[in-house]
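Okay, so here's the structure we're looking at.
The values are calculated or read from the model by the stated rules, or taken from the named source; none is laboratory data. Because the structure is a prediction, the values reported are computed rather than measured. Glycine gets a Cβ as well: all are built from the backbone with ideal geometry, and neighbour counts include every protein chain shown. Side chains are part of the model used for accessible areas, which takes the heavy atoms of the whole protein and leaves out ligands, DNA and RNA. Shrake-Rupley method; radii C 1.70, N 1.55, O 1.52, S 1.80 Å.
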Amino acid sequence: MKRLLLLSLLLLLALPPMARAEKSIYIPTVYGTVRARYEYLTRQNRGGFKVRDLRFGVNGYVAPIVSYCGEVDFSDWGRMALVNAYVRVLPLKGLNFTLGQQRIPFTIAAHRQPCEQFFVNRTFLAKHGGFRDIGLTGSYDIPKIPLTVQAGVYNCSGVGEHRLYFTNSYGFSAKLISAFLPQWYASASTARIKRGIAWEQMWDIGAYFHNGLWHVEGEYLRKNYMHELFQPVNAFDFFVYRLFPIEKKMIGGVSGAARYDYMGNHSSGVAAEDGKLTIDNPECHRLTLGATLSLKSKLQADFRINYEKYFFRKGVTPSLTDDDRIVVEVIAHF
């Protein structure tokens, strides 16, 4: 594992630059995000230092109509994970096809990179509604209409070892995206995927307003387990973000954010000994308050603090991942 880690890092950071200016389109773009934090569980009076992400990626072109992307997280909560590995073909203006490991086109929040998050932790909806798999996705921007159509078909094998994986039952996803007004964005999507023993049929709708200073967003997800293996799940979130620019030598701005999100009883699709699905995540409401200090820089350097308050039904014991906490995080992105 250490050799693989070192080799991957060297490949990402030591890619040879192209010497000729006319080939600048082929010069790879290397980027990365590090998120390090301290978490304190207020109810349990204990804490710990964490590395949420150590993500590096590279993308570029090998031909005018063929691009690629490779992305590895060397510390996804301390575990190494391949994030993206795909080739994209762009045969016509506004049309592209993506083949390989990728995030399927479903939901708004699940598609944000770690450096683009507004809070230290994702919403319940993004955590349990997002899905990364191996397959083929097509995307088309309809001319003269602010509408993008995305659809794809996927293994439903997950993103682990898949050399010997073959199937005759694929998952799919479809999504409509529209910037219907200036500073407004909306999407509607559906997906049929398999987790564990369960096929899930999901629907999602969401919208946000963003003008550089304000960001207001809401999203709703409905998940049905096919053949009634488990009760339907509802999840939604709503949050407001406000940036206050500051003209100081070192400080670029301060922002504040507040979020409310909810998810009903949820199952990950793993069966118990009796073959039935069980509740892996009990019904929960959560309130998150946060503030971020951004340094003035050509790159990204943020200091963030969040407080999360969880609300469960009486008798539910919170897990270590879903309990009241204060999180202090530093984000570095290049």
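Against the condition under 17 Å from the mean Cα position of the chain (by Cα) and of a type outside the set (Lys, Arg), how does ALA191 come out, does it pass?
Yes.
Does any residue of the stretch 78-92 turn out to be more than 30 Å from ASP141 (Cα to Cα) and surrounded by 15 or more Cβ atoms within 10 Å (Cβ to Cβ)? Walk me through it before giving the result.
Pass one, the stretch 78-92, residues more than 30 Å from ASP141 (Cα to Cα): 78-81.
Applying the additional criterion that residues be surrounded by 15 or more Cβ atoms within 10 Å (Cβ to Cβ) yields 81.
Yes: the stretch 78-92 contains one or more residues that are more than 30 Å from ASP141 (Cα to Cα) and surrounded by 15 or more Cβ atoms within 10 Å (Cβ to Cβ).
For a quick check of your reading of the model, give me the residue pairs whose first member lies in the stretch 236-251 and is touching a residue at least 24 places away in the same chain (Cβ under 8 Å) and in a strand (DSSP E or B), whose second is open to solvent by 100 Å² or more (accessible area, probe 1.4 Å) and of a type outside the set (Ser, Thr, Tyr), with beta-carbon atoms closer than 6 Å and at least 6 apart or on different chains.
ARG242/TRP214
What number of residues within the stretch 103-134 are open to solvent by 10 Å² or more (accessible area, probe 1.4 Å), in a strand (DSSP E or B) and either in contact with a Phe, Trp or Tyr (Cβ under 8 Å, 6 or more places away or on another chain) or small (Gly, Ala, Ser) (or both)?
Adding up the residues that qualify gives 2.
Please determine, by comparing only the residues of the stretch 270-288 that are assigned to a strand (DSSP E or B) and of a type in the set (A, V, I, L, M), which one is nearest to the chain's Cα centre (by Cα). Break it down stepwise before answering.
Within the stretch 270-288, the first condition is being assigned to a strand (DSSP E or B), and the residues that meet it are 271, 277, 281, 284-288.
Restricting the remaining residues to those that are of a type in the set (A, V, I, L, M) gives 271, 277, 287.
Working: ALA271: 26, LEU277: 25, LEU287: 20 Å.
In this case the residue turns out to be LEU287.
Looking only at the stretch 51-67, count every residue that is closer than 23 Å to LYS93 by Cα and of a type in the set (Lys, Arg) and tell me the total.
Number of matching residues: 0.
Name the single residue, out of those in the stretch 276-305 being among the aliphatic types (A, V, I, L, M) and closer than 30 Å to TYR225 by Cα, that is most open to solvent (accessible area, probe 1.4 Å). Lay out the reasoning, then the answer.
Within the stretch 276-305, the first condition is being among the aliphatic types (A, V, I, L, M), and the residues that meet it are 277, 279, 287, 289, 291, 293, 295, 299, 301, 305.
Add one more test, that the residue is closer than 30 Å to TYR225 by Cα, and what stays is 277, 279, 287.
Details: LEU277: 21, ILE279: 89, LEU287: 73 Å².
Only one residue tops the list, namely ILE279.
One residue is enough: does the stretch 259-275 have a residue meeting the conditions among the hydrophobic types (A, V, I, L, M, F, W, C), out of contact with any Cys (no Cβ under 6 Å at 6 or more places or on another chain), modelled with pLDDT of 95 or more and surrounded by fewer than 17 Cβ atoms within 10 Å (Cβ to Cβ)?
No, that holds for no residue.
Provide a single number: the residues in the stretch 135-161 that are outside any loop (DSSP other than H, G, I, E, B) and buried (at least 19 other Cβ atoms within 10 Å of the Cβ). I'd like the intermediate steps shown before the answer.
Here is the first cut: in the stretch 135-161, the ones outside any loop (DSSP other than H, G, I, E, B) are 135-141, 148-154.
Now drop any that are not buried (at least 19 other Cβ atoms within 10 Å of the Cβ), which leaves 135, 137, 139, 150, 152, 154.
Final tally of qualifying residues: 6.
Taking into account only those residues within the stretch 143-168 that are touching a strand residue (DSSP E or B) at 6+ places or on another chain (Cβ under 7 Å) and among the β-branched types (Val, Ile, Thr), which is farthest from TRP184 (Cα to Cα)?
My answer is VAL159.
Restricting attention to the stretch 321-334, which residues are under 21 Å from the mean Cα position of the chain (by Cα) and either part of a loop (DSSP other than H, G, I, E, B) or not acidic (Asp, Glu) (or both)?
Residues of the stretch 321-334 under 21 Å from the mean Cα position of the chain (by Cα): 321-322, 327-334.
Answer for the stretch 321-334, where residues must be under 21 Å from the mean Cα position of the chain (by Cα) and either part of a loop (DSSP other than H, G, I, E, B) or not acidic (Asp, Glu) (or both): THR321, ASP322, VAL327, VAL328, VAL330, ILE331, ALA332, HIS333, PHE334.
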